[in-house]
Amino acid sequence: ATFQPLVFDEDEFHKPQGQFPAFATTDLNGNAVTSDIFAGKDLTVVNVWGTYCGPCIDEMDELAAWSASMPENVQLIGLVSDLYDPNDTDTLEMALAICEATGATNYPSLVSCVDFVPLLNSLVGVPTTFFVDSTGAIVGEPIVGANVPGCMAFVEEYLNGK
């Protein structure tokens, strides 16, 4: 057997565009959260992460610090890509422990649900960060990989352009 690298044409990737999926789920603490969460802010940073993902976990302390210093009109939420059911206590406990250990308890992380399947299926990998305006529209290009400075730069540019 020989290694054959995967090569994709640019048009083979289906980057999410348009609206972020409408959703109804819970956060890690069991609080109900819907896509109405976007309405209260000019911009929401949605960081999709996994409990199995080292780069995701490594950037969470930086995300937590950034979240604490965001302007009033911007918010951060996490989306746990590998937690599909709040009754999956092993993954839920792991996600809660990760948030506690990294200080990422100052912003909500959401349990994935069927509403997120098309979005999650479109990801190249995690972490992936989306930017969503108050109407639920995805703005800009998602940032794939741990890149908090890049996310911060996008938010600053976006707010300065308003």
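The values are calculated or read from the model by the stated rules, or taken from the named source; none is laboratory data. What you see is a predicted model, and the numbers here were worked out from it, not measured in a lab. Cβ coordinates were reconstructed from backbone atoms using ideal geometry, including for glycine residues, and neighbour counts include every protein chain displayed. These area figures cover heavy atoms from the full protein model, side chains too; ligands, DNA and RNA do not enter into them. Shrake-Rupley method; radii C 1.70, N 1.55, O 1.52, S 1.80 Å.
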Practice task
With springs connecting C-alpha atoms under 10 Å apart, model the chain as a Gaussian network and identify which of 110, 63, 123 has the largest mean-square fluctuation.
Solution key: 123
Exercise for the section: Any chance you could list P(r) for the chain, counting all Cα-Cα pairs in 5 angstrom bins from zero, rounded to whole %? Expected result: 1, 9, 19, 22, 21, 15, 7, 4, 2, 1, 0, 0
Handout entry: Relative contact order (%) - criterion: Cα under 8 Å, at least six apart; region: the chain
Key = 32
Handout entry: Nearest-10 value in Å² for the accessible area of residue 94, using the 1.4 Å probe
Key = 100
Completion exercise
Measure of exposure for residue 52: accessible area at 1.4 Å probe, Å² rounded to 10, is 150
Practice task
Jot down the radius of gyration and Dmax of the stretch 117-162, Cα atoms only, both in angstrom.
Solution key: 11.4, 33
Practice task
List the cysteines in the chain whose Cβ has no other cysteine Cβ under 4.7 Å from it.
Solution key: 99, 113, 151
